[in-house]
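The values are calculated or read from the model by the stated rules, or taken from the named source; none is laboratory data. For clarity, every value in this text was computed on a predicted model and none was experimentally measured. Quick reminder, even Gly has a Cβ in these numbers, built from the backbone with ideal geometry, and neighbours come from all protein chains shown.
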Amino acid sequence: MARILITGAHGFIGRYLARHLSENGHVVLGLGHGIWPPLHAERWGLTLWHNGEIDGLNLRLLQRQSGTPDVVYHLAGGSSVGVAIANPREDFHRTVNSTAELLEWLRLEAPECRLVAVSSAAVYGANYEGPISETAATNPFSPYGHHKNIMESLCQSYCDTYGLKVAIARLFSVYGQGLRKQLLWDVCSQLERNPDRLSLGGGGAELRDWIDVADVVRALSLIEAQADQSRRVINVGTGSGTSVRSIVEMVVDAWFEKQPSRPSIVFSGEARKGDPQSLVADSTRLKSLGFDLRSDLKDRLSAYVGWFRSEAGTAR
């Protein structure tokens with residue numbers, strides 16, 4: 001049993017990770033933004049949740065209350081290309097400043113702790129076709145990707161200079177029940193308002209590596225053991241690309257089930273800012289750790305539609 005701290009535990013992936021780790025017998029603590037009543041946090045597997053900035057003061061407070069963690073999963077930070085483009089300064093603060101504060105606390109207060117820093121495939125940039133390996137050059141072209149790249153560089157500097165034990169997990173297109181933004185949420189929201197027409201940005205041929213959040217948290221739990229002074233980087237994806245149009249069509253099929261009617265699907269044809277044509281993982285490293293994909297894309301998209309209709313529609 002390990003004592004584990006998750007920064008950003010209140011977020012979409014953080015909640016699932018907390019539950020997964022708790023179910024596997026670990027003590028899970030959380031730090032980040034969001035009012036989370038203790039009973040609700042406990043339902044997601046957290047022993048303690050602290051609402052506050054990722055800074056030395058709050059990290060030391062948690063340390064005094066619950067002891068020094070054995071592992072930290074750093075999920076706090078920006079989580080959207082669009083939001084980062086709209087407010088790059090805020091995204092920098094959330095991603096880069098929080099990482100600098102965490103690394104400095106680890107250096108001074110918890111040097112034996114293992115860190116899994118959660119990054120993004122956005123660090124690779126736009127000019128790739130086919131699966132991208134971890135050795136590929138990083139060339140981000142959105143503020144979101146640049147800030148994740150800086151975060152990774154900070155981790156490298158603390159590994160090289162202070163011997164911290166770090167692994168970097170580069171997430172591809174994570175989806176799942178509870179995600180209230182991005183493509184799936186947009187498509188379902190439009191269908192709820194107008195079942196006859198979908199209007200979307202881009203061209204529809206963009207390829208993404210879609211991975212369900214349940215598979216992501218299992219991958220992260222495997223990556224933790226890889227944290228060392230070499231700052232190993234591991235892609236978290238399936239290794240297969242699916243076009244945006246195909247994803248939309250599967251969501252539409254799940255929405256209408258056996259009904260013959262279908263909406264017209266219109267793509268603007270204009271590339272969205274910060275949006276590469278193809279982002280597909282080479283998942284060889286992840287599979288070498290014993291990772292196996294357990295979620296079927298079509299089934300999980302159908303489950304998302306069911307969740308949206310039963311939960312999201314009544315919660316707004």
Original post:
In region 123-139, what residues are modelled with pLDDT under 95 and within 15 Å of Ala84 (Cβ to Cβ)?
Top reply: Gly125
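Criterion first (at pLDDT 95 or above and within 19 Å of Ile223 (Cα to Cα)) does Gly32 satisfy it? Don't jump to the end; show me each part of the working.
Details: at pLDDT 95 or above: yes; within 19 Å of Ile223 (Cα to Cα): no.
The answer is no for Gly32.
With a cut-off of at least 3 residues that are more than 28 Å from Glu112 (Cα to Cα), β-branched (Val, Ile, Thr) and out of contact with any strand residue (DSSP E or B) (no Cβ under 6 Å at 6 or more places or on another chain), name the helices (runs of 4 or more DSSP H) lying wholly within region 170-266. Quick ask: steps written out before the conclusion?
Numbers: elements: 182-193, 213-223, 244-256.
Passing ranges, in order: 244-256.
Name the residue that is farthest from the chain's Cα centre (by Cα), counting only residues in region 136-166 that are part of a helix (DSSP H, G or I) and small (Gly, Ala, Ser). Break it down stepwise before answering.
Our first condition is that a residue be part of a helix (DSSP H, G or I); within region 136-166, this holds for 143-162.
From the residues that got through so far, the ones that are small (Gly, Ala, Ser) too are 145, 153, 157.
On the way: Gly145: 13, Ser153: 19, Ser157: 23 Å.
Going through the qualifying residues, I end up with Ser157.
Consider Leu46 carefully, then state whether it is at pLDDT 95 or above and over 17 Å from Arg114 (Cα atoms).
The answer is yes for Leu46.
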Original post:
Based on what the data block shows, is Ala9 in contact with a Leu (Cβ under 9 Å, 6 or more places away or on another chain) and aliphatic (A, V, I, L, M)?
Top reply: yes
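Before we move on, is Glu53 under 24 Å from His147 (Cα atoms), touching an Asp or Glu at 6+ places or on another chain (Cβ under 9 Å) and acidic (Asp, Glu)? Explain how you work it out, then say what you get.
On the way: under 24 Å from His147 (Cα atoms): yes; touching an Asp or Glu at 6+ places or on another chain (Cβ under 9 Å): yes; acidic (Asp, Glu): yes.
Considered against the rule, which asks whether it is under 24 Å from His147 (Cα atoms), touching an Asp or Glu at 6+ places or on another chain (Cβ under 9 Å) and acidic (Asp, Glu), Glu53 comes out as yes.
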Original post:
Using beta carbons and a limit of 7 Å, which pairs, at least six apart or on different chains, have the first residue in region 208-237 and free of Cβ contacts under 8 Å to residues at least 60 places away in the same chain and the second one basic (Lys, Arg)?
Top reply: none
Original post:
Has region 240-248 got any residue that is under 30 Å from Thr7 (Cα atoms) and in contact (Cβ under 8 Å) with a residue 24 or more places away in the chain?
Top reply: yes
Original post:
Is it the case that some residue within region 230-238 is in the same structural domain as Ala126 (by TED's automatic domain parsing), modelled with pLDDT under 95 and not aromatic (Phe, Trp, Tyr)?
Top reply: yes
Original post:
So which residues in region 250-266 are surrounded by fewer than 17 Cβ atoms within 10 Å (Cβ to Cβ) and at negative phi?
Top reply: Asp253, Phe256, Lys258, Gln259, Pro260, Ser261, Arg262, Ser264, Ile265, Val266
Subject >> Filtered residue count, region 267-310, keeping only those that are modelled with pLDDT under 90, surrounded by 17 or more Cβ atoms within 10 Å (Cβ to Cβ) and within 18 Å of Thr242 (Cα to Cα) >> reply: 2
Original post:
Hey, does region 159-171 have a residue that's among the hydroxyl-bearing types (Ser, Thr, Tyr), buried (at least 18 other Cβ atoms within 10 Å of the Cβ) and modelled with pLDDT of 95 or more?
Top reply: no
Subject >> Residues being crowded, with 22+ Cβ neighbours inside 10 Å and either free of Cβ contacts under 8 Å to residues at least 24 places away in the same chain or of a type in the set (D, E, K, R) (or both) - total across region 93-139 >> reply: 2
Original post:
List, please: which pairs have Cβ atoms under 6 Å, are six or more places apart or on different chains, and start with a residue in region 174-189 that is over 14 Å from Ile265 (Cβ atoms) and end with one that is surrounded by 15 or more Cβ atoms within 10 Å (Cβ to Cβ) and among the charged types (D, E, K, R)?
Top reply: Gly176/Asp212
Subject >> Residue that is farthest from Gln177 (Cα to Cα) [pool: residues in region 47-60 that are touching a Phe, Trp or Tyr at 6+ places or on another chain (Cβ under 8 Å) and surrounded by 22 or more Cβ atoms within 10 Å (Cβ to Cβ)] >> reply: Leu59
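With closer than 22 Å to Thr99 by Cβ and either assigned to a strand (DSSP E or B) or not assigned by TED's automatic domain parsing to the domain that holds Ala100 (or both) as the only criterion, which of Leu62, Leu21, Leu46, Leu29 stands out? Walk me through how you get there before you give the answer.
Values: Leu62 fails: either assigned to a strand (DSSP E or B) or not assigned by TED's automatic domain parsing to the domain that holds Ala100 (or both); Leu21 fails: either assigned to a strand (DSSP E or B) or not assigned by TED's automatic domain parsing to the domain that holds Ala100 (or both); Leu46 fails: either assigned to a strand (DSSP E or B) or not assigned by TED's automatic domain parsing to the domain that holds Ala100 (or both).
Result: Leu29 is the single residue among Leu62, Leu21, Leu46, Leu29 that is closer than 22 Å to Thr99 by Cβ and either assigned to a strand (DSSP E or B) or not assigned by TED's automatic domain parsing to the domain that holds Ala100 (or both).
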**OP:** Report whether or not Ile35 is β-branched (Val, Ile, Thr) and either within 24 Å of Arg170 (Cα to Cα) or not in a loop (DSSP other than H, G, I, E, B) (or both).
**Re:** no
